[in-house]
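Visitor: Handing you a structure now.
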Amino acid sequence: MLSRVARFCVRRRRLVVFGIWIPVIISVGAISSALGSNFSTEFSLPASESSDVQKLLEANAPERAGFTGQIVFSAKQGVNDPEVKAAMTVVLTTVAKFDGVGVTSPYDQPSQVNQSGTTAFAQLDISDRSEESVQSTARQIRTLGGQTIVEGLTIEYGGYIFELFELPQSEAFGLFAAMIILVLAFGSVLAMGLPVGTALAGLVLGSSVVTIVSNVVGMPDFTTSLVAMIGIGVGIDYALFIVTRYREGLLAGLDVENAVVEALTTSGRAVIFAGMTVIISLLGLFLMGIAFARGLAIGAAIGVLFMMIASLTLLPALLGMAKRRIDITSRAAVTALGAFLLFSIVAIISKSFPLFVTGIAVAIGVTALSFIVKPLRTPLPPRAVKSKELTFWYRWSRFIQRRPWPSALGATALLLLLAMPLTSIRLGFGDSGNLPTSTTVRRAYDLIAESFGPGFSGPLYITVQGEVAQSPSALQDFVAVIADTDGVAFAQSVPVSQDGSLVLVVAYPTTSPQDEATTNLIHRLRSDVIPDTGVEAKVGGFTAGGVDFATVIGNRMPFLFTGVLLLSFLLLMTVFRSVLVALKAVIMNLLSIGAAYGIIVAIFQWGWGISLIGVGTAGPIESWAPMMLFAIVFGLSMDYEVFLLSRVKEEYDRTGNNADAVADGLASTARVITAAALIMVCVFAAFALGYDRQLKLFGIGLATAVFIDATIVRMVLVPATMELLGDRNWWIPVWMNRVLPRVNLERH
């Protein structure tokens, strides 16, 4: 089938590009714009004590069942200064009139004013949990505060509702780095442009489809960002492998059409099954039983699917247009590309859009000038093509094969060493103390921490029911017990139901929300302190909800691991007709992911070198990160496994010699796998240049995992173990060989 697709796309290349792809992109984009999106980041708590507290509050005091925040203000003359008090009273009274907003004023609760009387905070409770509504309310509150001008008065805004999430501008650096790597790998601007153009086309179409689907399936606001991050990476990778095989076909003397057919019937098959492993890994997030994870999985899987389609249809048509010019690069092309990249990078750093436009204009000008100035059209000399025996990677494979035991044991020991910190991983959520001091949320956090204590930024909500809730003296005794608990700085009761059947006790820990001591306090309150009082009470709130969320994620991770590993094992065994190859691939991918986990634990939880990446303090690993890292990295690492092993299997079926097959397969694919991995590393590492701790952790985790997988695993451990196993690599029981469906990656 792929052969027929390839021939159709080459022979009808203009129809495919101008009659199918461009109209489809425009049409789907128009439909997407007309329907709009319905992205909504609503994190519903899984079944837990925190969710029980939330349901109680939703039924009795909805304004306390949503997000929390603080308006923190400080004045040298004191917060009770008549002018300050009058101004802040107007602000807090106005905010209290907003729909779904509850305000606990420091002028009603003296405990919310520090001892010196110079700093106070108003506690905000917002019942609406939709991202758009919360952000709208936060903007209104900040606008109102900005209009309040009193000499000596400073107002800051704390809590999740005031955090402005945005992707770092450095994200574009990843794409620029990919362009540079591709030019260096191919030695041709046109050969670089085809993978980038294919990936961008697939991304535009995939993102439009995801936007349409968001109207039917619940998806978080950052789904399109995840689609872009994964899509650009896999899209360029898939196109890169196909273009590389196409150029090999041309060098082997094939004509354009047959070179495209050769590329699609070999690397194209690998793209299909590599993409399937990524999609399987992503859809494995359904096993977590969490709504937002399902939305992310669907969105990312759609993005990968359209990248596969673009690589298998649009790219062959573009190759048919490029023909043999794919290896020809003129001085004008290199100059235009260099100017565009230079201006673009400076534009991003200086945040100057005119500079970016200037870069495009210069690139177009140089290209146009080449039609007049003949020297600009002069092709650069092509690279000399070495025989495979003279390439570095062929010599490297032979080096590893001569020392298989030291190589295998050394690589395994290194991976296990890197994974050791994983044994102490603690899941949770970072707090506002990790944000830059340039943000109002961080300044509010610091004001509260200095004036009251770090725990006042993350209060615990304890609901009290039964007789105690209706007995003032009994309730007072319970509050006293909570206040006297080690780790609690202050506690107070707040009536929340009109009939008095439910009372809320707000307890402020002595430690920050992300501190391990706060997590231990929550567990101690639930398991020891509250049961000993005999009171019908439950601990909830945003901080406790984060602890429960982390617990649920940790408990369900084995289901994700088991489901994805089992399906991937069966797929690989079906494709390569080998039990050991499939088992080895799964184990090695687990080793690389474990090493990446260990590195992020050492950096973000242990604090090793944390100041070098601009993170405030060490803290827990974001609860969602290991789940997403596993789903994405396992799929991507399987990409490299499929591309490498498909070439090795092709050589083995041709020659029957395992050692030569491994050496030839590695020599043929190592350079392109390395280039693909470098692109992934650059795309993911660019996210670490932002200010958000979660993005830094996610970006470094992905970049590290891909780097380890493409170097230690793919270039050392795989050839070493395949040499040790010899022909046993391709062993499969006879009965299993008959039962499994017949699928071939290699061309016959």
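The values are calculated or read from the model by the stated rules, or taken from the named source; none is laboratory data. Remember, predicted model here, so these are calculated numbers, not experimental data. Cβ placement follows ideal geometry from the backbone for every residue including glycine, while neighbour counts extend to all protein chains displayed. Note: areas computed on protein heavy atoms with side chains; ligands, DNA, RNA excluded. Shrake-Rupley method; radii C 1.70, N 1.55, O 1.52, S 1.80 Å.
Visitor: Assess whether Val101 counts as being touching a residue at least 24 places away in the same chain (Cβ under 8 Å) and touching a strand residue (DSSP E or B) at 6+ places or on another chain (Cβ under 6 Å).
Guide: Details: touching a residue at least 24 places away in the same chain (Cβ under 8 Å): yes; touching a strand residue (DSSP E or B) at 6+ places or on another chain (Cβ under 6 Å): yes.
Yes: the conditions hold for Val101.
Visitor: On to the next question. Please note which helices (runs of 4 or more DSSP H) are completely contained in the stretch 671-748 and include at least 2 residues that are among the hydrophobic types (A, V, I, L, M, F, W, C) and in contact (Cβ under 8 Å) with a residue 60 or more places away in the chain.
Guide: Once the helices (runs of 4 or more DSSP H) in the stretch 671-748 are filtered for at least 2 residues that are among the hydrophobic types (A, V, I, L, M, F, W, C) and in contact (Cβ under 8 Å) with a residue 60 or more places away in the chain, what remains is 693-708, 718-725.
Visitor: Would you point out the residue of the stretch 368-402, among those that are of a type outside the set (S, T, N, Q), open to solvent by less than 100 Å² (accessible area, probe 1.4 Å) and assigned to a loop (DSSP other than H, G, I, E, B), that is nearest to Ile587 (Cα to Cα)?
Guide: Filtering the stretch 368-402 for residues that are of a type outside the set (S, T, N, Q), open to solvent by less than 100 Å² (accessible area, probe 1.4 Å) and assigned to a loop (DSSP other than H, G, I, E, B), the one nearest to Ile587 (Cα to Cα) comes out as Ala384.
Visitor: Going by what's in this entry, would Pro406 be described as in a helix (DSSP H, G or I) and either modelled with pLDDT under 90 or open to solvent by less than 80 Å² (accessible area, probe 1.4 Å) (or both)?
Guide: Spelling it out, it is not the case that Pro406 is in a helix (DSSP H, G or I) and either modelled with pLDDT under 90 or open to solvent by less than 80 Å² (accessible area, probe 1.4 Å) (or both).
Visitor: Could you check Arg139 against (1) open to solvent by less than 40 Å² (accessible area, probe 1.4 Å); (2) within 30 Å of the chain's Cα centre (by Cα) and say which number it fails?
Guide: Only one criterion is unmet by Arg139, namely (1).
Visitor: Considering only the stretch 434-510, give the strands (runs of 3 or more DSSP E) lying wholly within it that have at least 1 residues that are over 30 Å from Leu612 (Cβ atoms), of a type in the set (Gly, Ala, Ser) and at pLDDT 90 or above.
Guide: Numbers: elements: 460-465, 488-495, 502-509.
Answer list for the stretch 434-510: 488-495, 502-509.
For (1) more than 30 Å from Val134 (Cβ to Cβ); (2) open to solvent by 10 Å² or more (accessible area, probe 1.4 Å); (3) of a type outside the set (A, V, I, L, M, F, W, C); (4) touching a His at 6+ places or on another chain (Cβ under 8 Å), each residue gets a yes or a no:
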position	(1), (2), (3), (4)
Val234	yes, no, no, no
Tyr238	yes, no, yes, no
Thr277	yes, no, yes, no
Met288	no, no, no, no
Gly299	no, no, yes, no
Ile309	yes, yes, no, no
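Visitor: Looking only at the stretch 57-83, filter to residues that are open to solvent by 40 Å² or more (accessible area, probe 1.4 Å) and under 26 Å from Leu460 (Cβ atoms); which one of those is modelled with the lowest pLDDT? First the steps, then the outcome.
Guide: Kept after step one, since they are open to solvent by 40 Å² or more (accessible area, probe 1.4 Å), are these residues of the stretch 57-83: 58-60, 62-63, 76-77, 80-83.
From what's left, under 26 Å from Leu460 (Cβ atoms): 58-60, 62-63.
Numbers: Glu58: 82, Ala59: 83, Asn60: 83, Pro62: 75, Glu63: 70.
That would be Glu63.
Visitor: Looking at (1) open to solvent by 10 Å² or more (accessible area, probe 1.4 Å); (2) assigned to a helix (DSSP H, G or I), which is the only condition Leu645 fails?
Guide: Of everything listed in (1) open to solvent by 10 Å² or more (accessible area, probe 1.4 Å); (2) assigned to a helix (DSSP H, G or I), Leu645 misses just condition (1).
Visitor: Here's another thing I want to ask about it. Can you name the residue in the stretch 151-189 that is among the aliphatic types (A, V, I, L, M) and closer than 30 Å to Phe456 by Cβ and, of all such residues, is modelled with the lowest pLDDT?
Guide: If we take residues in the stretch 151-189 being among the aliphatic types (A, V, I, L, M) and closer than 30 Å to Phe456 by Cβ, then Leu164 is modelled with the lowest pLDDT.
Visitor: Test each condition in (1) more than 30 Å from Val552 (Cβ to Cβ); (2) touching an Asp or Glu at 6+ places or on another chain (Cβ under 9 Å) for Leu240 and report the one that comes out false.
Guide: All conditions are met except number (2).
Visitor: How about the stretch 140-150: which of its residues are of a type outside the set (A, V, I, L, M) and touching a residue at least 12 places away in the same chain (Cβ under 8 Å)?
Guide: Gln140, Arg142, Gly145, Thr148, listed by residue number.
Visitor: For the stretch 423-453, how many residues are open to solvent by 40 Å² or more (accessible area, probe 1.4 Å) and under 20 Å from Asn520 (Cα atoms)?
Guide: Residues meeting the conditions: 6.
Visitor: For residues that are surrounded by fewer than 23 Cβ atoms within 10 Å (Cβ to Cβ), modelled with pLDDT of 80 or more and not small (Gly, Ala, Ser), tally how many sit in the stretch 682-694.
Guide: Final tally of qualifying residues: 2.
Visitor: Return yes when Gly249 is assigned to a helix (DSSP H, G or I), open to solvent by less than 10 Å² (accessible area, probe 1.4 Å), under 30 Å from Arg671 (Cβ atoms) and without any contact (Cβ under 8 Å) to a residue 40 or more places away in the chain and no when it is not.
Guide: Answer is yes for this residue.
Visitor: Moving to a separate point now. For the subset of the stretch 45-56 comprising residues that are closer than 21 Å to Gly100 by Cβ and not polar (S, T, N, Q), which member is surrounded by the fewest Cβ atoms within 10 Å (Cβ to Cβ)?
Guide: So the first thing to find is which residues in the stretch 45-56 are closer than 21 Å to Gly100 by Cβ, and the list is 45, 50-51, 53-56.
Then drop every residue that is not not polar (S, T, N, Q), which leaves 45, 53, 55-56.
Values: Leu45: 20, Val53: 26, Lys55: 14, Leu56: 22.
Here the residue is Lys55.
Visitor: Select from the stretch 595-608 the residues that are open to solvent by less than 40 Å² (accessible area, probe 1.4 Å) and part of a loop (DSSP other than H, G, I, E, B) and list them in ascending order.
Guide: Residue satisfying the conditions is Gly607 alone.
Visitor: List pairs: first in the stretch 348-375 and more than 29 Å from Gly690 (Cβ to Cβ) and touching a residue at least 24 places away in the same chain (Cβ under 8 Å), second of a type in the set (D, E, K, R) and surrounded by 12 or more Cβ atoms within 10 Å (Cβ to Cβ), Cβ under 6 Å, 6+ apart or cross-chain?
Guide: Ser370/Arg377
Visitor: Based on what the data block shows, is Ala86 open to solvent by 20 Å² or more (accessible area, probe 1.4 Å) and assigned to a loop (DSSP other than H, G, I, E, B)?
Guide: The answer is no for Ala86.
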